[in-house]
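Taking it in order: structure first as structure tokens, then the write-up.
The values are calculated or read from the model by the stated rules, or taken from the named source; none is laboratory data. Bear in mind that the values here come from a model prediction, so they are computed numbers and not experimental data. Cβ: placed from backbone, ideal geometry, glycine included. Neighbour counts: every protein chain shown.
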Amino acid sequence: MNYRELLEKAKEVSQNAYVPYSKFKVGACVLTEDGSTFSGCNFENASYGLTICAERNAIGTAIANGHTKLKAIAIYSPNEDNCVPCGACRQVMTEFLAGNDLDIITEVNGEAKVYKLSYLMPESFKI
Ligand code: THU
């Protein structure tokens, strides 16, 4: 599974986003240590604060399937180029690494762009 394919999976699942309030669709797909992939989209609620981001939905699905070691996550929004994870999702990502770092892939001008989690979330909280 290359990063372009992972981004395509994120793009596909973004179509299922439940976003009646923000209208901002996001899809995410994680790549685990053993090469498995798990997708998730954002879903909102009339009680706005209960919204779940696409990234945490994808990560939660990986965990539910027995995978806690993540190598990469692709994020896509039809609403915005360079859609990067919110701070809460960056913190959640720090918990489930396959190695020292995580690749975060997003789309910019139709191209896959790769960030390191350590760049987007330096000095993150760990115990
Ligand atoms: N959202 C995500 O799914 N991931 C992010 O990294 C940023 C924000 C969602 C939450 C909400 O449904 C919508 O985007 C607008 O904030």
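Does Val84 count as farther than 22 Å from Asp34 by Cα, aliphatic (A, V, I, L, M) and either outside any loop (DSSP other than H, G, I, E, B) or under 12 Å from the mean Cα position of the chain (by Cα) (or both)?
Considered against the rule, which asks whether it is farther than 22 Å from Asp34 by Cα, aliphatic (A, V, I, L, M) and either outside any loop (DSSP other than H, G, I, E, B) or under 12 Å from the mean Cα position of the chain (by Cα) (or both), Val84 comes out as yes.
Is it the case, given these coordinates, that Ala46 is among the hydrophobic types (A, V, I, L, M, F, W, C) and not in a loop (DSSP other than H, G, I, E, B)?
Taking the combined requirement at face value, the residue does not satisfy it.
Looking at Glu5, Glu55, Glu80 in this structure, which one is under 26 Å from Glu111 (Cα atoms), in contact with a helix residue (DSSP H, G or I) (Cβ under 8 Å, 6 or more places away or on another chain) and modelled with pLDDT of 95 or more?
Within the list Glu5, Glu55, Glu80, the selection yields Glu55.
Applying the selection to the range 96-109, what residues are in contact (Cβ under 8 Å) with a residue 24 or more places away in the chain, more than 15 Å from the ligand (Cβ to nearest atom) and not in a strand (DSSP E or B)?
Correct list: Phe96, Ala98, Gly99, Asn109.
For Lys25, which of the numbered conditions (1) modelled with pLDDT of 95 or more; (2) out of contact with any helix residue (DSSP H, G or I) (no Cβ under 6 Å at 6 or more places or on another chain) fails to hold?
Condition not satisfied by Lys25: (2).
Conditions first: (1) assigned to a strand (DSSP E or B); (2) away from the ligand (no atom under 15 Å from the Cβ); (3) under 17 Å from Gly60 (Cβ atoms). Ala74 passes all but one, so which condition is the exception?
Every condition holds for Ala74 apart from (2).
Checking the condition in a helix (DSSP H, G or I) and closer than 22 Å to Ile127 by Cα, which residue from Gly66, Gly60 passes?
Exactly one of Gly66, Gly60 is in a helix (DSSP H, G or I) and closer than 22 Å to Ile127 by Cα, namely Gly60.
Here's a check for you: in the range 10-56, which residue that is touching a His at 6+ places or on another chain (Cβ under 9 Å) and acidic (Asp, Glu) is farthest from Asp101 (Cα to Cα)?
Ranking the candidates gives Asp34 first.
Take the residues of the range 17-38 that are in a strand (DSSP E or B), touching a residue at least 40 places away in the same chain (Cβ under 8 Å) and more than 14 Å from Ile63 (Cβ to Cβ): which is farthest from the ligand (Cβ to nearest atom)?
By that ranking, first place goes to Leu31.
List pairs: first residue in the range 56-76 and without any contact (Cβ under 8 Å) to a residue 60 or more places away in the chain and under 20 Å from Arg4 (Cα atoms), second residue in a strand (DSSP E or B) and not hydrophobic (A, V, I, L, M, F, W, C) anywhere in the structure, Cβ distance under 7 angstrom, at least six positions apart or on different chains.
Every condition considered, the pairs that remain are Ala58/Ser39; Ala58/Gly40; Ala62/Thr32; Leu70/Thr32; Lys71/Thr32; Lys71/Asp103.
Report whether or not Ala112 is touching a helix residue (DSSP H, G or I) at 6+ places or on another chain (Cβ under 6 Å), more than 16 Å from Phe38 (Cα to Cα) and part of a strand (DSSP E or B).
The answer is yes for Ala112.
Given the conditions (1) within 20 Å of Cys86 (Cα to Cα); (2) acidic (Asp, Glu); (3) loosely packed, with under 14 Cβ neighbours inside 10 Å, which single one is not true for Glu55?
Tallying (1) within 20 Å of Cys86 (Cα to Cα); (2) acidic (Asp, Glu); (3) loosely packed, with under 14 Cβ neighbours inside 10 Å, Glu55 fails exactly one: (3).
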